[in-house]
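Novice: Let me begin by handing over the structure; questions about it come next.
The values are calculated or read from the model by the stated rules, or taken from the named source; none is laboratory data. All of these numbers come straight from a predicted model, not from anything done at the bench. FYI the Cβ positions are ideal-geometry reconstructions off the backbone, even for glycines, and counts take in every protein chain you see. The accessibility values were calculated without ligands, DNA or RNA, using every heavy atom of the protein model including side chains. Shrake-Rupley method; radii C 1.70, N 1.55, O 1.52, S 1.80 Å.
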Amino acid sequence: MKAVLLAAGEGIRLQPITATRPKHLIQVGGKPILEHCLDALKANGITEAIVVIHYMGEEIRHYFGDGSKLGFKLEYVEQKNVLGTGNAASVAEPFLKGAFMLVYGDLLFSAEAIRAVLSAYERSNVAAAMAVISVDKPESYGVIELAKDKTVKRIVEKPKRGKAPSNLANAGLYVFCTDVFDALKHVKRSPRGEWELTDAVTQLVADGKRVLAVEIARGDWFDVGRPWDLLDANVWALRRMEHKVMGNVEQGAHLLGPVTLAETARVRSGAYIEGPAFIDEGADVGPNCYIRAFTTIGKKVRIGNACEVKNSIIMDGTHVGHLSYLGDSILCEHCNLGAGTITANLRFDDGSIKMLVKDQIVDTGRRKLGAILGANVKTGVGALLMPGVKLGNDSWVGPGAIVERDLPAKSMAFMKQKSGSQEKKK
């Protein structure tokens, strides 16, 4: 069986992170999200896949190539315009002759989740099987209404609060027979101007075809939609990976719990690292640093003397100056933080932290959340970034400056010193 991975979307809600990479190439636990998807498929014997690309598609093609390094045979097809998941699925039709697995390539899911959907399809006489998952806020998802035999009656997209037919959400993992392509030909454009795959599922049901809903465990699936979700996705990945220390650990450094240290990485004397944590090739940590659990440190990252990093993602080539604190934060590639830079991650009133997403203020539901820095951000010594702020690519924060609001790309924030002469006292 072949797989189709939908990887065409931009991930606008994840800006500024997705300004320099597609969402599917954001790394958690040392691997791009899309590679985690491929790992789960391969564990179930699926080694041929069609990847549907659009936004920065060449970056995805360049990273994975023909897939041979991962034991895959990968083919790519471009969705010319991002016109919905149904349209994205339809462009893969020429590559498929029989039943196929379709997954959203911006999700994290376990091999067990894939196995559950595959097994249910294979033992049932159905046109499709789809994974569903119990959620606390069904109004944020496409919600499934079930018949008594656990087949799908209909899918309601983002129902009003209290009006959902169930708390089972579409988990974005399917097995289809080729009948779905006939159904897609009858799907009409949705109110948001897209052709939706879920409407094709509804069309299959309307045509008298059976679609089986397969409930998967919450722990086997994770949706990455907003910047702070990446911190939880990183936790998800670090907890599931096999850890191994291969790099240089100097005398006097301490590694506690599951830690991955790549072969060319270095941990200097006095460093204290709590796992699970991941430190990639060429990274240099310490001396006298405290790296707390659920931290991922990318390639050629430098963490200076006496820094503390907690529950954060630091991407390739970033330098963190000595005496700095990073808490619950994401730093994209090639940032340069001056000594004593602080990312505050707790409100003074201990309230829930809010963040601006697509021009709307969103309650993250998190008590602790630091800053999100795009690529090539620079801070001067003693810069302070308040909880929940985002700094766009190539922005600068001057020495001692306090940033309380988001900075757009290529902007600067500096403390302004009052001008004036000072008379010499006689």
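Novice: Tell me which helices (runs of 4 or more DSSP H) are completely within segment 22-94 and hold 3 or more residues being open to solvent by 30 Å² or more (accessible area, probe 1.4 Å) and more than 30 Å from THR295 (Cβ to Cβ), or say none if there are none.
Specialist: Once the helices (runs of 4 or more DSSP H) in segment 22-94 are filtered for at least 3 residues that are open to solvent by 30 Å² or more (accessible area, probe 1.4 Å) and more than 30 Å from THR295 (Cβ to Cβ), what remains is 85-90.
Novice: Which residues, counting only those in segment 280-305, are open to solvent by 10 Å² or more (accessible area, probe 1.4 Å), in contact with a His (Cβ under 9 Å, 6 or more places away or on another chain) and not in a loop (DSSP other than H, G, I, E, B)?
Specialist: ARG302, the sole residue that qualifies.
Novice: Further question: Look at segment 331-366 and say how many of its residues are of a type in the set (A, V, I, L, M, F, W, C), over 22 Å from ASP394 (Cβ atoms) and assigned to a loop (DSSP other than H, G, I, E, B).
Specialist: Total meeting the criteria: 2.
Novice: Right, something else. In segment 327-346, how many residues are of a type in the set (Gly, Ala, Ser) and on the phi > 0 side of the Ramachandran plot?
Specialist: Residues meeting the conditions: 1.
Novice: Anything in segment 290-346 that is touching a helix residue (DSSP H, G or I) at 6+ places or on another chain (Cβ under 6 Å) and either of a type in the set (Phe, Trp, Tyr) or at pLDDT below 95 (or both)? List them, or say none.
Specialist: Result: PHE294, single match.
Novice: When the residues of segment 187-215 are filtered to those that are aliphatic (A, V, I, L, M) and either open to solvent by 10 Å² or more (accessible area, probe 1.4 Å) or in contact with a Leu (Cβ under 7 Å, 6 or more places away or on another chain) (or both), which remaining residue is farthest from ASN125 (Cα to Cα)?
Specialist: So, considering only residues that are aliphatic (A, V, I, L, M) and either open to solvent by 10 Å² or more (accessible area, probe 1.4 Å) or in contact with a Leu (Cβ under 7 Å, 6 or more places away or on another chain) (or both), the one farthest from ASN125 (Cα to Cα) is VAL187.
Novice: Take the conditions in contact with a Ser or Thr (Cβ under 9 Å, 6 or more places away or on another chain) and of a type outside the set (Ser, Thr, Tyr) and apply them to GLY365. Does it pass?
Specialist: Against the criterion (in contact with a Ser or Thr (Cβ under 9 Å, 6 or more places away or on another chain) and of a type outside the set (Ser, Thr, Tyr)), GLY365 qualifies.
Novice: Here's something else I'd like to know. Tell me yes or no: at least one residue of segment 170-192 is closer than 30 Å to LYS368 by Cα and without any contact (Cβ under 8 Å) to a residue 60 or more places away in the chain.
Specialist: yes
Novice: Scan segment 266-296 for residues that are touching an Asp or Glu at 6+ places or on another chain (Cβ under 6 Å) and hydrophobic (A, V, I, L, M, F, W, C) and jot them down.
Specialist: Scanning segment 266-296 gives a single hit, ALA293.
Novice: Now a separate question. In segment 12-28, what residues are within 11 Å of GLY105 (Cβ to Cβ) and in contact (Cβ under 8 Å) with a residue 40 or more places away in the chain?
Specialist: LYS23, HIS24 - these are the residues of segment 12-28 that are within 11 Å of GLY105 (Cβ to Cβ) and in contact (Cβ under 8 Å) with a residue 40 or more places away in the chain.
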